[in-house]
Amino acid sequence: MKKTLFTLAAITAATVITAAESGPVTAILKRSIETPKGVCDEFVISNSHHSYLLSMGASRNTSGKAAPQFMINNMGKQAVPRGIGGLVVNGISYRNINYNRGDMKLWEDKAAGLAGCEGTLNFDGAKVTLRFYMRKDSPMMFVRLTPSKDSVEPIKRISFNQYVCPNLTRDAKIRWDEKSYKRVAVTRKRTLNTPTGYGESHLLTPEETEIKLFDSEYGKNPGYITFVRDENVLKASVALAPYQTVAVQLKPDFKEFTMAYWGHQKIISNAEMEKIIKANPKGFKIK
């Protein structure tokens, strides 16, 4: 497999407003460029609640000495990044697949009032279609995975994750020590605040699909992630480390999987997140 870097970033703008002001969803290709260093496709997906800039790109190895390293655009102040945190199919990370200019294209479902972009990712013959979209009544970005019909290799295992990082200490000695933070995950059933070490996580029950993620000591820049838990999901977990990661393992024969995240442009407090979600509860759910 030719190892070309696939970079995906989501930069958010605008503010959350009330559900009564719902308007149509629009999606545009902002730019598509190709240079000797790589390619980049940028899409703007927005509604009357929110706006996201998604950037997909592949960097080329021009040195001839090593494969390109993963890069991600961390512009913006929102805690929730950037489209996807991780997608691994048959042991291959999405960071190491081929991506060519134009692989991701505009997508729209006018009847359902949805718009965004969509493309198929090739993991050495096992192909997965990745769709980003918004709906008119929600400030969230929805991410949907489906197996591609033109795969030439079966999906044997697949996992997907998204993460939140409210803040990272500048002290290099403790920067990656999970005990240096006060990470919290709140579900409809319980509050989790026990740090998890490297490779560890808290298993989520089937009812725990709406997760508020924040640092209680830092007190600001929280995140929110929700997902569909059905027969397509083998297990789900959340790690409370410097990066708070919601990870889902799907069945090899899964039909589809949807996760949604909310990113905010300005830094808000944990209490402000609670108020925003309560003001538009339907907008923070997956229908």
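The values are calculated or read from the model by the stated rules, or taken from the named source; none is laboratory data. As the structure is a computational prediction, the values presented were derived from the model and not from experiment. Every residue, glycine as well, gets a Cβ built from its backbone with ideal geometry; the counts of neighbours run over all protein chains shown. Areas reflect the complete protein model, heavy atoms only, side chains present, ligands, DNA and RNA absent. Shrake-Rupley method; radii C 1.70, N 1.55, O 1.52, S 1.80 Å.
Of the residues screened, Arg131 is one that is open to solvent by 20 Å² or more (accessible area, probe 1.4 Å), in a strand (DSSP E or B) and under 27 Å from Leu114 (Cα atoms).
Note on segment 135-149: residues that are assigned to a loop (DSSP other than H, G, I, E, B) and open to solvent by 40 Å² or more (accessible area, probe 1.4 Å) total 2.
Would you check if Ala112 is farther than 24 Å from Asp253 by Cα, of a type outside the set (Lys, Arg), at pLDDT below 90 and part of a loop (DSSP other than H, G, I, E, B)? Criteria not met by Ala112. Name the residues in segment 156-184 that are more than 21 Å from the chain's Cα centre (by Cα) and either of a type in the set (S, T, N, Q) or closer than 20 Å to Asn232 by Cβ (or both), would you? Scanning segment 156-184 gives Lys156, Thr169, Ser180.
The residue that is most open to solvent (accessible area, probe 1.4 Å), counting only those in segment 150-183 that are within 11 Å of Tyr218 (Cα to Cα) and free of Cβ contacts under 8 Å to residues at least 60 places away in the same chain, is Lys182.
Just give me the residues in segment 277-287 being of a type in the set (Val, Ile, Thr) and surrounded by 20 or more Cβ atoms within 10 Å (Cβ to Cβ), in sequence order.
Filtering segment 277-287 down to residues of a type in the set (Val, Ile, Thr) leaves 277, 286.
If the condition is that a residue be of a type in the set (Val, Ile, Thr) and surrounded by 20 or more Cβ atoms within 10 Å (Cβ to Cβ), then no residue fits.
Pairs meeting the criteria (first residue in segment 193-222 and more than 17 Å from Lys182 (Cβ to Cβ) and among the hydroxyl-bearing types (Ser, Thr, Tyr), second residue at pLDDT 95 or above and in a loop (DSSP other than H, G, I, E, B), beta carbons under 6 Å, at least 6 apart or on different chains) are Thr209/Arg229. Of the residues in segment 259-266, none is more than 19 Å from the chain's Cα centre (by Cα) and exposed (fewer than 15 other Cβ atoms within 10 Å of the Cβ). Note on segment 61-91: residues that are open to solvent by 30 Å² or more (accessible area, probe 1.4 Å), modelled with pLDDT of 60 or more and on the phi < 0 side of the Ramachandran plot amount to 4.
Number of residues in segment 230-251 that are in a loop (DSSP other than H, G, I, E, B), open to solvent by 60 Å² or more (accessible area, probe 1.4 Å) and either out of contact with any strand residue (DSSP E or B) (no Cβ under 7 Å at 6 or more places or on another chain) or at pLDDT 95 or above (or both) equals 2. Here the condition is being out of contact with any His (no Cβ under 9 Å at 6 or more places or on another chain), assigned to a loop (DSSP other than H, G, I, E, B) and farther than 24 Å from Lys127 by Cβ; of Lys287, Lys255, it holds for Lys287 alone. When Gly113 is tested against the conditions (1) open to solvent by less than 40 Å² (accessible area, probe 1.4 Å); (2) within 29 Å of Leu53 (Cβ to Cβ); (3) under 21 Å from the mean Cα position of the chain (by Cα), the lone failure is (3).
Just one of the listed residues (Val248, Val228) is in contact with an Asp or Glu (Cβ under 9 Å, 6 or more places away or on another chain) and closer than 25 Å to Met134 by Cβ, and it is Val228.
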